[in-house]
Amino acid sequence: MMLDTYHKILVFASSITPSRPWGVNIPNYFWTGGISVGAFFIYSLYTVFGIEKFKRLASMCLLIAFSFIAIAPLNLVDDLKQPGRMIHVFLYGWSHFPTSPMKWGVILLTTYTILTLLSLIAYYRPFFVSLYNSVEDNRLKLVFKLLTLNRLELTEEAIKKDRKILFYLGAIGLLFGIGVEFYTGYIVGILVAFPLVHFPALPLVMLASALVSGSGFVLFFYPIYQKLMGKEIDRDDIAAVANIMAWAIVGELVLDLFWYSFSLAFSGITKYYMRAYFKEDLIGILVFDLGLFLFVPMILAFSRFKKSAFFMFIAGTLAAFGAWYFKYSLVIGGQSFPKMIGGFLTYTMPIFGHNSLQSLIANWSGIIGLLAATIALLPHTDDLYKGFGKEVKG
């Protein structure tokens with residue numbers, strides 16, 4: 001009897017996974033990338049599609065998109081534990097490219113980051129030209145000349161060329177941004193061993209979540225940004241972004257309905273795991289993920305409060321940071337399914353070190369610092385460019 005008890009204890013102890021393949025850095029990477037893509041989408045509505053009501057939001061959304069995507073890859077560096085390993089991602093494994101979403105990500109993430117940076121430089125080229133003309137120091141002149149890409153003219157013809165460049169950079173950047181969200185969905189969705197995340201439409205869920213979190217963060221940050229710039233809050237700007245967020249939430253909720261219904265009823269033997277997981281985390285899924293972080297912001301954004309800076313600040317905060325909760329549940333919750341033991345594995349985030357609360361604070365601090373620096377150094381003006389898309393469409 002005692003021998004049998006010892007045997008059960010040994011089996012139980014050896015079956016517990018001491019560390020997970022993915023820690024908290026991965027959902028944070030998905031979240032930061034998603035906000036960047038969502039903000040870049042709003043920026044492109046003016047520079048690519050020529051929708052005038054997004055004109056006043058374009059520069060702010062571009063700064064958000066750049067700040068988030070510039071810092072996002074640092075999550076992956078920390079997740080690898082040794083920064084030197086990052087070079088291996090670029091050097092090895094290309095023979096598996098057709099079936100490796102991670103290799104797709106190397107191209108998509110790198111290209112999207114470069115396109116966002118080039119869009120930022122091209123958007124502020126007139127400002128860099130004015131700085132070039134105003135300084136005397138040759139070293140500073142060289143820096144500003146490089147930032148203008150050696151285009152020092154401010155003629156109407158030069159501005160037209162800027163608009164065309166920004167149009168193409170925005171269109172291509174938007175396509176690669178969508179690709180970034182698709183590849184992150186593939187990375188998680190192909191994991192057959194994790195029933196929670198093994199869903200073919202997960203790339204679409206990630207794209208919808210990116211639009212929700214990006215537009216939500218814009219609503220959260222917009223009143224702060226306007227106060228910093230000494231400008232009044234425009235209710236029409238708020239309503240325009242609120243509409244995007246509301247319809248993106250509708251799309252995500254529809255996809256969630258398909259996802260959960262298939263997983264709970266039509267996924268073979270894994271449906272029993274899914275039912276057990278939903279029973280275990282029913283409050284987290286229904287009350288927080290679907291209710292507080294999606295349904296409540298959607299109702300507020302569709303209501304008469306859509307022009308209220310206060311209510312949209314609340315709705316945007318819930319949607320933006322609720323997306324972090326969703327991606328945390330997706331990655332960490334997806335790895336909680338047991339392989340050999342009864343019950344679900346638990347996860348306690350470390351306070352310090354690799355994949356820890358300290359890592360998150362450092363990453364968020366980097367985003368805040370870069371966003372603050374770009375806001376302080378670059379002008380906020382609605383008049384750098386007007387009439388986007390007219391030359392290209394004409």
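The values are calculated or read from the model by the stated rules, or taken from the named source; none is laboratory data. Since the structure is predicted, the reported quantities are computational estimates derived from the model, not experimental observations. All Cβ positions, even for glycine, are placed from backbone atoms using ideal geometry, and neighbour counts span all protein chains on display. The accessibility values were calculated without ligands, DNA or RNA, using every heavy atom of the protein model including side chains. Shrake-Rupley method; radii C 1.70, N 1.55, O 1.52, S 1.80 Å.
Details
- The lone exception for residue 137 - which of (1) exposed (fewer than 13 other Cβ atoms within 10 Å of the Cβ); (2) within 26 Å of the chain's Cα centre (by Cα); (3) of a type outside the set (Lys, Arg) it fails: (2)
- Any helices (runs of 4 or more DSSP H) falling wholly within region 249-339 and containing at least 1 residues that are under 19 Å from residue 190 (Cβ atoms): 270-280, 309-328
- Screening 256, 236 for residues that are of a type in the set (D, E, K, R), touching a helix residue (DSSP H, G or I) at 6+ places or on another chain (Cβ under 9 Å) and in contact (Cβ under 8 Å) with a residue 60 or more places away in the chain leaves exactly one candidate, 236.
- Of the helices (runs of 4 or more DSSP H) that lie entirely inside region 67-129, those containing 2 or more residues that are open to solvent by less than 20 Å² (accessible area, probe 1.4 Å) and not acidic (Asp, Glu) span 101-123.
- Candidates 260, 273: the one that is open to solvent by 50 Å² or more (accessible area, probe 1.4 Å), of a type outside the set (Asp, Glu) and either over 14 Å from residue 211 (Cα atoms) or within 19 Å of the chain's Cα centre (by Cα) (or both) is 273.
- Single residue of region 34-66 satisfying the filter (assigned to a helix (DSSP H, G or I) and aromatic (Phe, Trp, Tyr)) that is surrounded by the fewest Cβ atoms within 10 Å (Cβ to Cβ): 54
- Within region 276-291, no residue satisfies the criterion of being open to solvent by 50 Å² or more (accessible area, probe 1.4 Å) and touching a helix residue (DSSP H, G or I) at 6+ places or on another chain (Cβ under 6 Å).
- Taking region 340-380 as the range and being open to solvent by less than 40 Å² (accessible area, probe 1.4 Å), among the polar types (S, T, N, Q) and part of a loop (DSSP other than H, G, I, E, B) as the test, the residues that pass are 355, 356.
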